[in-house]
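Visitor: My structure is below; once you've seen it, I'll send some questions.
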């Protein structure tokens, strides 16, 4: 243990010689967070804002729905919708001028619905309710009641909260590149050759570098970058102890995973390039760039991404105080860590060095 401690201390010294790289990492992460927050602010705010829903309708006297007009109106109004009756109206003009969201024309034995072309779900909501009304009318018209169950929806994160969290996670997942600072210093001073000719075992060298990189990533990304982002963007972190624990565990998992690339390929440039591609895809599928709430990507693809579990867990913990994905997130990170560290120690014990 004392030898691992000494190795870790020496590797930390090598990393912190490149203070400019660490500072650029912090500043770059904060700039990207600010940029993405600004770009997606309107989109997320619009998605989470509950707007008034207005229904316009016209009822012919000979319509089979005329007897239920008041029941239908009260049913929609009970669900918080505004209902306005029109006569000889131009539904296209009303919708275009944003006076209503949906127009229903009750005529004879049928009805037609018009909604905004870029928001088909408005019309589908009304159509679903009316379908149920129509279904009940075929049974017993005298006992028809219009009702709709309310779904208790969880609060969504705003742009500031979302991108502060996911971008901090994304940059943290890339922190195995700090190992390159050790590589550069070793090659300049022939430290690697001296280690390989010493009595220090390959597994000890691996653990020393893993601990040094992980501690650096914890300090630079989790505490400095994350802390500054929370302060600058005025974010209140929900379940702080649990969220920080998940973040630190995620950093360990991704640092150990990234070190595998450097160990296997033994070429920093190729390793970083391939590792970045893997993390970029994981981020793309996992909601780092496009929010996982609004992404059109299938859930099966999202769940291939470790970052999806981390992002979703931390965002939901921050906004709702709990997350259904916490268990799966911890399981994924545990598997990543155990497999990566086991393989890393095995390979380096054979090669004697990272």
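The values are calculated or read from the model by the stated rules, or taken from the named source; none is laboratory data. Here the structure is a predicted model, which is why all the values come from computation and not from measurement. Positions of Cβ are backbone-derived with ideal geometry, glycine not excepted, and every protein chain shown enters the neighbour counts.
Yes/no per residue for (1) within 24 Å of residue 35 (Cα to Cα); (2) touching a helix residue (DSSP H, G or I) at 6+ places or on another chain (Cβ under 6 Å); (3) in a helix (DSSP H, G or I):
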{"position": "259", "(1), (2), (3)": "no, yes, yes"}
{"position": "262", "(1), (2), (3)": "no, yes, yes"}
{"position": "269", "(1), (2), (3)": "no, no, yes"}
{"position": "283", "(1), (2), (3)": "yes, yes, yes"}
{"position": "324", "(1), (2), (3)": "no, no, no"}
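Residue-by-condition table, conditions (1) surrounded by fewer than 19 Cβ atoms within 10 Å (Cβ to Cβ); (2) free of Cβ contacts under 8 Å to residues at least 12 places away in the same chain; (3) not assigned by TED's automatic domain parsing to the domain that holds residue 163:
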{"residue": "241", "(1), (2), (3)": "yes, yes, no"}
{"residue": "248", "(1), (2), (3)": "yes, no, no"}
{"residue": "251", "(1), (2), (3)": "no, no, no"}
{"residue": "276", "(1), (2), (3)": "yes, no, no"}
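Visitor: Ok, one more. Sort out which residues of the range 56-87 are modelled with pLDDT of 80 or more and under 28 Å from residue 158 (Cα atoms), and write them in order of number.
Guide: Of everything in the range 56-87, just one residue is modelled with pLDDT of 80 or more and under 28 Å from residue 158 (Cα atoms), namely 82.
Visitor: Can you pull out the residues in the range 293-305 that are over 8 Å from the mean Cα position of the chain (by Cα) and either in contact (Cβ under 8 Å) with a residue 24 or more places away in the chain or outside any helix (DSSP H, G or I) (or both)? Working first, answer last.
Guide: Filtering the range 293-305 for residues over 8 Å from the mean Cα position of the chain (by Cα) gives 294-305.
Listed by number, the residues that qualify are 294, 295, 296, 297, 298, 303, 304, 305.
Visitor: Also: Which pairs do you get when a residue that is in contact (Cβ under 8 Å) with a residue 60 or more places away in the chain, found in the range 59-71, comes within reach of a residue that is assigned to a strand (DSSP E or B) and surrounded by fewer than 16 Cβ atoms within 10 Å (Cβ to Cβ), reach meaning Cβ atoms under 9 angstrom, with the pair 6+ apart or on two chains?
Guide: Close Cβ pairs (under 9 Å, with a partner that is assigned to a strand (DSSP E or B) and surrounded by fewer than 16 Cβ atoms within 10 Å (Cβ to Cβ)) amount to 64/110.
Conditions (1) without any contact (Cβ under 8 Å) to a residue 40 or more places away in the chain; (2) surrounded by 15 or more Cβ atoms within 10 Å (Cβ to Cβ), marked per residue:
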| residue | (1), (2) |
| --- | --- |
| 307 | no, yes |
| 318 | no, yes |
| 321 | no, no |
| 324 | yes, no |
| 327 | yes, no |
| 337 | no, yes |
| 345 | no, yes |
| 348 | no, yes |
| 351 | no, no |
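Visitor: Then there's this: In the list 296, 271, which residue meets the criterion of being exposed (fewer than 15 other Cβ atoms within 10 Å of the Cβ) and modelled with pLDDT under 90? Lay out the reasoning, then the answer.
Guide: Working: 271 fails: exposed (fewer than 15 other Cβ atoms within 10 Å of the Cβ).
Answer to the selection: 296.
Visitor: In the range 104-122, which residue that is modelled with pLDDT of 55 or more and under 36 Å from the mean Cα position of the chain (by Cα) is farthest from residue 69 (Cα to Cα)?
Guide: Per the criteria, the residue is 116.
Visitor: Pick from the range 73-91 the residues that are out of contact with any strand residue (DSSP E or B) (no Cβ under 7 Å at 6 or more places or on another chain) and within 23 Å of residue 61 (Cα to Cα): which of them is surrounded by the fewest Cβ atoms within 10 Å (Cβ to Cβ)?
Guide: Only one residue tops the list, namely 88.
Visitor: Could you say whether any residue in the range 264-272 is assigned by TED's automatic domain parsing to the domain that holds residue 40 and within 18 Å of residue 248 (Cα to Cα)?
Guide: no
Visitor: Can you pull out every residue in the range 215-225 that is crowded, with 16+ Cβ neighbours inside 10 Å and free of Cβ contacts under 8 Å to residues at least 60 places away in the same chain? Let's see the steps before the verdict.
Guide: At the first step, the residues of the range 215-225 found to be crowded, with 16+ Cβ neighbours inside 10 Å are 215-218, 220-222, 224-225.
Across the range 215-225, the qualifying residues are 217, 218, 222.
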